[in-house]
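First the structure, in the form of structure tokens, and then the observations on it.
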Amino acid sequence: MNDNNFYNIPSEICVKINKWLLKFPHGEKKPAIIFALHQIQKENKYIKTIHIDSVARLLDVKKIDVYEVAAFYSMFELEKIGKHTISVCTNVSCMLNGSDEILSYLEKKLNIKVGKSSDKFFLKDERECLAACAGAPMMQVNHKYYENLTKDKIDKIIRDIEDEK
Amino acid sequence: MKNNIRINELCYSTLSKDNPNSFETYVSLGGYSTWKNIVLSAYDKKEIIETVMKSGLRGRGGAGFPTGRKWSFINQDSEEIKYLVCNADESEPGTCKDRDILRYNPHALIEGMLIASYAIGADTAYCYLRGEFIDDVYSSFKVALDEAYKNKFIGKNVLNTSINIEIHDLIGAGAYIVGEETAMLESIEGKKGFPRFKPPFPAVKGLFGSPTIINNVETLASIPKIMENGPEWFNSVGTKDSPGFKCFSVSGHVNKPGNFEIPLGTPFKKLLELAGGMKNGKKIKAVIPGGSSVPVVPGEVMLETNMDYESISQAGSMLGSGAVIVMDEDTNMVEVIHRIARFYYSESCGQCTPCREGTGWMFKIIDKILCGNGNLDDIKTLESIPKMISGSTICALGDAAAMPVESFMKNYKEEFLKYIKDKKEEDLYQEKNNNKEFVLHKK
Amino acid sequence: MKIKINNKECSFNKGETLIQIADRNGIHIPRFCYHDKLSIAANCRMCLIEQVGVGKPQPACSTPALENQEYFTKSKLAVDSQKNTMEFLLINHPLDCPVCDQGGMCELQDQALMHGRVKSRYEQEKRVVIDYKIGPLIKTNMTRCIHCTRCVRFGEEIAGIKEFGAIGRGEGMEIRTYLTSAINSPMSGNMIDICPVGALNAAPSHMKGRTWELEEVKHISPHDCVGSNMNIHVLDNSIFRVVPHENKKINEVWISDRDRFSYEALGHSDRIKKPIAKINGRHVEVEWEQAFDIIKDSISKIKFNKSAGFISANSTIEEQYLFQKWLRENNINNIDHRVSQNKFSYKKDDIFPEIDIPIEEIENSNSVLLIDSNLTYDQPILAHKVRKSFLKNAKINSIHTYSYKYNFDTNISLLIKPRSLYETLIDIIEYLTVITVNDKTLNKFILPDDIKKNFKGLTNKKIIEISNDLLTTNSLILLGSNLNSHPDYEDLKILTNIISVLTKSNRGFLSNRSNEAGAWLSGCVPNKIEGMKNSRNIGFNVFDSINEHLECYIIYNLDFIDFYHYSELKKSLSNAKFVLGISSFITEEDKNLYDVILPLATTFESPGTYVNIEGTWQSFAQSCKPHHMSKEGWKILTKLRLIHGANIDNSLDYLDILNEADQAIRNYKSFVGKEYKDIKMKKDSNENTLIRSGSCNSYYVDNIVRRSSSLNKVNSNKNFVSVNKKTLEQNNIDLSKNKVIVKQGDNTLLAELVIDDNVSDDCIYIANSNKEHYDLGKQHQPIIIENV
Ligand SMILES: Cc1cc2nc3c(=O)[nH]c(=O)nc-3n(C[C@H](O)[C@H](O)[C@H](O)COP(=O)(O)O)c2cc1C
Ligand code: SF4
Ligand code: FES
């Protein structure tokens, strides 16, 4: 086996996964797939096939089972994306409050189309309502909520990220 | 009109305090006293279920099924392993009430889960939060859970008795369908969220093949107060078929969108008032009263309707999850349904034929109409597809996708027709929608 | 309990679904996802019917019938629902029936005609799915997939290896394998049958013909001892494809990939077109008459009774019967079919492929012990039965010399060196004699002293557990089919027999030949004549025949590499005065050693009968005429008997021969119940050397499969040796290199190295899948490994 085709899950993540498994009846391994993928995605930004292989190996499940899960849930990115993920909710409540303008503003500002990614930003094509309708229009940046958006607010959020380095 | 409504007395009762989500706040308001009482006096399980039944509490996740009845389907005394699952996948468009419970009153949910587990004889409970909460309320919920563990309300030998109950936090990864109860069970088992066909029902064969009860966050968070103050306290407000308090998430064209926990049966007018009235003084055009999957109701009808299960049903819609989306007179209804149809198209799990194929077909026709390429046949087809989907799918997502389209076509057909008759004039919309070119949900 | 469907009263058992009841009563309900051998998915929604009093249509496949309810399958609600589903299914389905393999036998096409709407209202773009290659056997056209998930469930539930999954969601969901990995199950071809549309097609026959042009002939699997029933679809006198023929008792509705695709060999370039004779040192094609003249002439010049005849255990019982009859009529008793067997210790060995219970009962076993059996690949249908027992909670244990991949989980899996198999079985016997000491029913059973001598005190816990599992009721021991090249094979058969007596377990002696039982029964062994009667004159077995350097050899339906003593055979043949071959195929190299070769019809081109492991005789008709000038075996052999003056009626036909063989054989005495008191156990002497171990690759086992091009593509990586890490380190092999040299005697082979801890210690594992492996040397013989 070729070593650069191999991903060793860092031991702290293995420990977390093993702890996670304690929540389930003895012998059930699949319930940790989603959690493991979250952990690996956090580490690597997106999920490559070697990651899927390694999860399958660690949990002793079929690769196709892991692949099915990775491809089903919208939070798992299987293609290379930028460092920060921005998801603007464009569902009904947000749309009624101008989320489309917010999205176009971000597209222009970051110079990426929705669904696409630059090195720094991934502008996710978010179809699902993010459960903050009372704060519409809203978005998530790396899964943190930002509500009642205005252009000024967006400028500041982006500036903060860029300053952060 | 004077606002003398009782507000935020149940699930949002900590809201008025300084540190609403802290353990101390919850305890200072009498929190966990019910649970302590149940544990220390070894309460009769049947009695709990009876109390819940008497209160008339109905499931707040959308279907409105009486909670006590649901619990009674389980044989509490059998030796079998049983599970309780809390549905915190809040993803019905327009709904944001559960997130606020998780944010501001997590201990009420925990206590509710404990009582429910005890009542159905489960010693393991799972709280499944939607994936998008992972860096938001998921972390704070875990903190709350730890506190409850630390104080021996959960775990092995609760309060040094022989009772063992574990509550585990779980996290999803982004899929609306996982809110459907059997899809959630699949997801917990580590698979993709394909709903199971019923029968068998989860109460017979659920998580890992064992009897399982699934309840919404709000449903479970309501339990401690109902137990503490008695069922009469709860059903002294509301109507006969819709007793008690309910959280409504009001969003859309209103001045003060937000979550309001009010007695069921409150006139919609009052709720609108609580939400600050219509934005910019515009006239109300339409309301979706229970999340995007219920039929839309014209504004004038809604203004005469009370917020309870029966009245809304009479108005031709459903109370659903209590997500009230308000639209003003300038709203383009074709655009709204376009957005809703797109959502269901993206979120259909793909398992069964009518939903997998039907949601895409509806969206593509609406898209075509919106882009000015529609014809009268499209309108006819669009009217018939929802009927073809309804009732023939494995889970209710099929109906959820069909109902809005059907109701928009019924109530606002002339707006669709306008797009067809007046193509030129709508060039504007075409341009507007061009840059939103639709890509299949594929990775 | 009763219900009414379409006003017809039907009775049912609690828990039965509506579709089961309707099927039993001949009421048609359309369906796609439902398949009676698979779990219920209820995802296609094609089977919606009306339950009186319920507003919503009910899926018949997943709805349990309710006492005294009324159902309608053709009411307006039902028909409308079915039409709706059909319309949905067709919106994204390409209407390319004219170029689809499934056309004419497509469930979607049929149901669209019966249940569809006249005109499609869908005008948008249809979904297009990119196809990935999933191996040489199945050609995909996933744009046609209707997401019924039958193939996914087949993998999970029947094959036991989940290889397909539903990837993505919604309209974009695709049925595919992980990345672009190939399908590995040895039963994968069945997915072609269960796919209701043309998404999964048989690759070899892809786009080569249409269903309605085909003729169907029933046949019996020519490749293992199971006797799976299959249908051969013939187009213009050539085989177009092979599909299962349902036989509830044997293969249910499945066949292995080997059975499905081996027919491709028929067109192989090794096929002999015309009789060939060596004239003046050169091989030339001759006419049949001329060939027979040469045979007659040559035989008259030699001592014909100093001959030996070897026949394949894949030949039909008619051929085997005639073969030995012809030779015995000429006083030749040196007859054998056990060409791949290594050692012959007992002149009286008569344990042949048999199983104590019917194949359909295997699934009811409570425990199964596999002794060095690569069951999943060698006898896939039996593996399916064992898998079914596993799913019913049977404990499956395995003692093996290589950790084979099974499609079920094993409870105890004991990896031992090939040389230790014998001792391990004796260990089991030792434990059992202690445990069963008070069992009165065993009073009469006397354990041979030779076995007792080998008792050495028991310590291994695994052995104890395996033995205890065998003591449960309904236990089964299966002795692997590749053991016949093991030096202790005959002892292992006897030890297995003793274990079964002590534990009252059922036994199965497996074979990877389709008619090995037939070969024994028809007298193709030196010590028995037809019907397992003892022969008055005992001839030489294969080994002795080869080493006695006889004057003449007759080889029927075998390649030289089928022989364990392959190199010795070649030497003897080159010294013999006359060598006659009767075969469908020949390699250039083998050809040189023959004096005359007669072209034989393959199993598909001839009628015949096979006897499977449970003793069932199954006859089949000719699927197509013999290709080129080849002739059916029974005709050739009858002609040869005539040459030697046998008194045979001229009008004799195939059925007469079947009748004659049947009468001669039917009442045979089986080995059941023998104790083998006088057995002498001896041990192999190669104690401290590396040993070559390994079985024959299941796609290389006989002269047909090894010439089937698609099956051969499945073993893409042919030339490799596997060794475990410990052994490699002990032999100072450089682990970073991927090639090694192995040597047996004077022969060397450069091969790819696979580090594989499934191999037992001190062994070099070579799964014979290539002629080079046979040229290197024999299994179970010393071998040397070196760095390149
Ligand atoms: C497509 C679909 C999505 C759903 N999403 C949610 C959800 O996000 N949250 C929720 O609590 N219930 C949701 N439900 C309802 C659940 O299936 C289930 O009825 C509920 O969790 C039961 O809890 P309750 O009795 O307390 O309401 C959904 C149902 C469907 C069909
Ligand atoms: S490939 Fe065939 S069997 Fe598999 S899901 Fe598609 S239609 Fe069904
Ligand atoms: S056959 Fe019943 S849903 Fe497919």
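The values are calculated or read from the model by the stated rules, or taken from the named source; none is laboratory data. Remember, predicted model here, so these are calculated numbers, not experimental data. Every residue, glycine as well, gets a Cβ built from its backbone with ideal geometry; the counts of neighbours run over all protein chains shown.
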> If you take the residues of segment B:295-347 that are over 16 Å from B:Ser407 (Cα atoms) and of a type in the set (Asp, Glu), which of them is surrounded by the most Cβ atoms within 10 Å (Cβ to Cβ)?
Replying inline: B:Glu347
>> Please verify whether B:Tyr149 is within 14 Å of chain A (Cβ to nearest Cβ), among the aromatic types (Phe, Trp, Tyr) and within 30 Å of C:Ile167 (Cβ to Cβ), treating the condition exactly as stated.
In response: no
>> Checking B:Glu79 against (1) touching a strand residue (DSSP E or B) at 6+ places or on another chain (Cβ under 9 Å); (2) of a type in the set (Asp, Glu); (3) away from chain A (no Cβ under 14 Å), only one condition comes out false. Which one?
In response: (1)
> Are any of the residues in segment B:262-274 within 12 Å of chain A (Cβ to nearest Cβ), in a strand (DSSP E or B) and in contact (Cβ under 8 Å) with a residue 24 or more places away in the chain?
Replying inline: no
>> Any residue in segment A:104-130 that is in the same structural domain as A:Thr150 (by TED's automatic domain parsing) and more than 27 Å from B:Ala401 (Cβ to Cβ) sitting within a Cβ distance under 7 Å of a residue that is assigned to a loop (DSSP other than H, G, I, E, B) and hydrophobic (A, V, I, L, M, F, W, C)? List the pairs, counting only those 6 or more apart or interchain.
In response: A:Glu107/A:Val114; A:Ser117/A:Ile81; A:Ser118/A:Ile112; A:Phe121/A:Ile112; A:Phe122/A:Ile81
> In segment B:349-388, how many residues are part of a helix (DSSP H, G or I) and facing chain C (nearest Cβ under 8 Å)?
Replying inline: 14
>> Quick check on this structure: which one of A:Ile81, A:Ile86 is touching a strand residue (DSSP E or B) at 6+ places or on another chain (Cβ under 8 Å), modelled with pLDDT under 95 and among the aliphatic types (A, V, I, L, M)?
In response: A:Ile81
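Okay, residues lined up against (1) loosely packed, with under 15 Cβ neighbours inside 10 Å; (2) in contact (Cβ under 8 Å) with a residue 60 or more places away in the chain:
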residue: C:Ser75; (1), (2): no, no
residue: C:Val79; (1), (2): no, no
residue: C:Gln82; (1), (2): no, no
residue: C:His93; (1), (2): no, yes
residue: C:Val99; (1), (2): yes, yes
residue: C:Ala112; (1), (2): no, no
residue: C:Gly116; (1), (2): no, no
residue: C:Arg121; (1), (2): no, no
>> Looking only at segment C:542-553, how many residues end up being under 28 Å from the mean Cα position of the chain (by Cα) and either small (Gly, Ala, Ser) or surrounded by 23 or more Cβ atoms within 10 Å (Cβ to Cβ) (or both)?
In response: 1
> If we keep just the residues of segment C:42-85 that are more than 8 Å from chain B (Cβ to nearest Cβ) and within 7 Å of ligand 3 (Cβ to nearest atom), which is farthest from C:Cys145 (Cα to Cα)?
Replying inline: C:Ala60
>> Which of the numbered conditions does C:Asn497 fail, given that it passes all the others? Conditions: (1) outside any loop (DSSP other than H, G, I, E, B); (2) in the same structural domain as C:Glu319 (by TED's automatic domain parsing).
In response: (2)
> Of the residues that sit in segment B:128-146 and are crowded, with 19+ Cβ neighbours inside 10 Å and in contact (Cβ under 8 Å) with a residue 60 or more places away in the chain, which one is farthest from the other protein chains (Cβ to nearest Cβ)?
Replying inline: B:Ala144
> Which one is farthest from ligand 3 (Cβ to nearest atom), of the residues in segment C:3-24 that are within 14 Å of chain B (Cβ to nearest Cβ) and assigned to a helix (DSSP H, G or I)?
Replying inline: C:Leu18
>> I'm trying to understand the selection: among the residues of segment C:141-164, which are within 14 Å of chain A (Cβ to nearest Cβ) and more than 10 Å from ligand 2 (Cβ to nearest atom)?
In response: C:Glu156, C:Glu157, C:Ala159, C:Gly160, C:Ile161, C:Lys162, C:Glu163
> What residue, of C:Gly155, C:Gly170, C:Gly165, is within 16 Å of ligand 1 (Cβ to nearest atom) and under 29 Å from B:Leu397 (Cβ atoms)?
Replying inline: C:Gly170
> Could you count how many residues in segment C:282-318 are among the basic types (Lys, Arg) and buried (at least 17 other Cβ atoms within 10 Å of the Cβ)?
Replying inline: 0
> Restricting attention to segment B:88-97, does a residue exist that is assigned by TED's automatic domain parsing to the domain that holds B:Lys225, of a type in the set (Ser, Thr, Tyr), buried (at least 24 other Cβ atoms within 10 Å of the Cβ) and assigned to a loop (DSSP other than H, G, I, E, B)?
Replying inline: yes
>> Among the numbered criteria (1) out of contact with any Cys (no Cβ under 6 Å at 6 or more places or on another chain); (2) within 24 Å of C:Arg31 (Cβ to Cβ); (3) not in a loop (DSSP other than H, G, I, E, B), which one does C:His147 miss?
In response: (3)
>> Whether any residue in segment C:510-519 is touching a residue at least 60 places away in the same chain (Cβ under 8 Å) and more than 20 Å from the chain's Cα centre (by Cα) is what I want to check.
In response: no
>> C:Ala112 - would you say it is more than 16 Å from ligand 1 (Cβ to nearest atom) and within 24 Å of C:Gln379 (Cα to Cα)?
In response: no
> Hey, any hits in segment B:211-219 for a residue that's within 13 Å of another protein chain (Cβ to nearest Cβ), of a type outside the set (A, V, I, L, M, F, W, C) and free of Cβ contacts under 8 Å to residues at least 24 places away in the same chain?
Replying inline: no
> Within the set of pairs 6+ apart or on separate chains, which have a first residue in segment C:25-40 that is within 14 Å of another protein chain (Cβ to nearest Cβ) and part of a loop (DSSP other than H, G, I, E, B), a second that is more than 11 Å from ligand 3 (Cβ to nearest atom) and among the aliphatic types (A, V, I, L, M), and C-beta atoms under 9 Å apart?
Replying inline: C:Pro30/C:Met86; C:Pro30/C:Met114; C:Phe32/C:Leu108; C:Phe32/C:Val197
>> Restricting to segment A:109-165, count the residues that are in a loop (DSSP other than H, G, I, E, B), of a type in the set (Asp, Glu) and modelled with pLDDT under 95.
In response: 4
>> Just the residues that are over 29 Å from C:Arg258 (Cβ atoms) and of a type in the set (Ser, Thr, Tyr), please, taken from segment C:107-151.
In response: C:Ser120, C:Tyr122, C:Thr143
> Restricting the first residue to segment C:126-148 and requiring it to be closer than 15 Å to C:Glu171 by Cβ and within 16 Å of ligand 3 (Cβ to nearest atom), which pairs with a second residue that is of a type in the set (S, T, N, Q) and part of a loop (DSSP other than H, G, I, E, B) meet a Cβ separation below 9 Å and a spacing of at least six or different chains?
Replying inline: C:Ile146/C:Asn92; C:His147/B:Gln351; C:His147/C:Asn43
> Got a sec? Which of A:Phe76, A:Phe35, A:Phe72 is farther than 22 Å from C:Ser181 by Cβ and at the interface with chain B (Cβ under 9 Å from one of its Cβ atoms)?
Replying inline: A:Phe35
>> So B:Tyr149 ticks every box in (1) assigned to a helix (DSSP H, G or I); (2) within 16 Å of ligand 1 (Cβ to nearest atom) but one. Which box is left unticked?
In response: (2)
